[in-house]
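To start, the structure under review is shown below, and the notes come after it.
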Amino acid sequence: MKTLLEGLRRFSNDVYPDKRSLFEELSRGQKPHTLMITCSDSRIDPNLVTQTEPGEIFVVRNAGNIVPPFGSSRGGEEASIEFAIEALGVTNIVICGHSQCGAMNALMEPEKVASLPSVEHWLRHAAATRRRVQAAQNTALSPGEENVLVQAENLKTHPAVSAALRRGTLEIFGWIYQFEDGLVRIYDPSKNAFVPSSEVKERALSTPHSLAL
Ligand code: ZN
């Protein structure tokens, strides 16, 4: 707690004054351009990785960056996705998985979460990921990568998402953040592979390529 209190003081005394005009503007409302759905893992900092400021990215986080199919959980993910699109008007959704994901390890080795019933129950929303990985032994995609694609498909079952895709006002991207080298890999539907962000401009999962996944 001491660490947190020191941080609060430093933020109020040093950081806030440095960006006062930005924070004053944000106090009047938000207009984020992107909804990021990522893992709760403490090693992921969406603003740091994307070099964006507060107010730019609306974030949904949970173990395994999972998007339950519409109607299957009636939980906070569903509400946050609807709000981000319909109320805030985000034009991008990024599903960002990462290397060394504990949720993906647990998904592939369920015995590891035998003593964590809530985790085991939550990971049922990623059962398709396990099935895909097990069915395609030769796939180049890791469980974390496969999961990003599965969750993108789940995302498209949400009415707000499908309506925005039909309007052409929304694009969906799949990312994997690698802790080992700081690289973010972006899904390229034409290659069915996650490629370094430096190699792509924009590859949307919502293109005709992805609909055939
Ligand atoms: Zn994770």
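A simple rule links phi to the HN-Hα coupling: the Karplus curve 6.51 cos²θ - 1.76 cosθ + 1.60 with θ = phi - 60°, which for segment 5-14 gives 5, 4, x, 4, 5, 5, 5, 5, 8, 10 Hz, with x for Gly and Pro.
Taking the charge dipole of the chain about its Cα centre, with +1 at Lys and Arg Cβ atoms and -1 at Asp and Glu Cβ atoms, the residue from 92, 47, 12 reaching farthest to the positive side is 92. Think of segment 147-206 as having a plus end and a minus end, set by charges on the Cβ of Lys, Arg, Asp and Glu; of 182, 155, 197, 155 sits farthest toward the positive end of this dipole.
Beta-bridge orientation, the chain: approximately 30 percent antiparallel, per DSSP, counting only bridges with both partners inside.
Between residue 118 and residue 11, the distance separating the two model label sites (each 7 Å from Cα on the Cα→Cβ line) works out to 2.3 nm. Rounded to the nearest 20 debye, the dipole size of the chain about its Cα centre is 300 debye, using +1 on the Cβ of Lys and Arg and -1 on the Cβ of Asp and Glu. Proximity of backbone amide H atoms, modeled 1.01 Å from N, is registered between residue 70 and 157, 158 at under 5 Å, excluding neighbours fewer than 5 places apart on the same chain.
With helices as the sole contributors, the chain gives -9500 deg cm²/dmol at 222 nm; each DSSP H run of n ≥ 4 counts as -39500 (n - 2.57), and the sum is divided by every residue. A probe of 1.4 angstrom, applied to the heavy atoms of all protein chains, finds residue 45 with accessible area near 70 square angstrom. Please identify the longest segment of the chain free of exposed trypsin sites (Lys or Arg not before Pro), where exposed means a DSSP state other than H, G, I, E or B and no more than 13 other Cβ atoms within 10 Å. The longest uninterrupted stretch comes out as 75-190. Per the 1.4 Å probe, what fraction of the accessible area of segment 31-204, in percent, lies on carbon and sulfur atoms? Summing carbon and sulfur atoms, their accessible area is 51 percent of the total for segment 31-204. When the Gaussian network model of the chain links Cα atoms closer than 10 Å, the mean-square fluctuations of 194, 83, 23 top out at 23. Ranking 36, 58, 75 by Cα position along the charge dipole of segment 1-142, where only Lys, Arg, Asp and Glu carry charges on their C-beta atoms, puts 75 farthest toward the positive end.
Grab the other residues whose beta carbon is less than 13 angstrom from that of residue 3, score K and R as +1, D and E as -1, and report the net. Value of the local net charge: +2. If you count Lys pairs in the chain whose Cα atoms are under 26 Å apart, skipping same-chain pairs closer than 8 places in sequence, the total is 7.
The values are calculated or read from the model by the stated rules, or taken from the named source; none is laboratory data. Just so you know, these numbers come straight off a predicted model, no measurement behind them. Every residue, glycine among them, receives a Cβ derived from its backbone with ideal geometry; neighbour counts consider all protein chains shown. Calculation scope for accessible area: heavy atoms of the full protein, side chains included, ligands and nucleic acids excluded. Shrake-Rupley method; radii C 1.70, N 1.55, O 1.52, S 1.80 Å.
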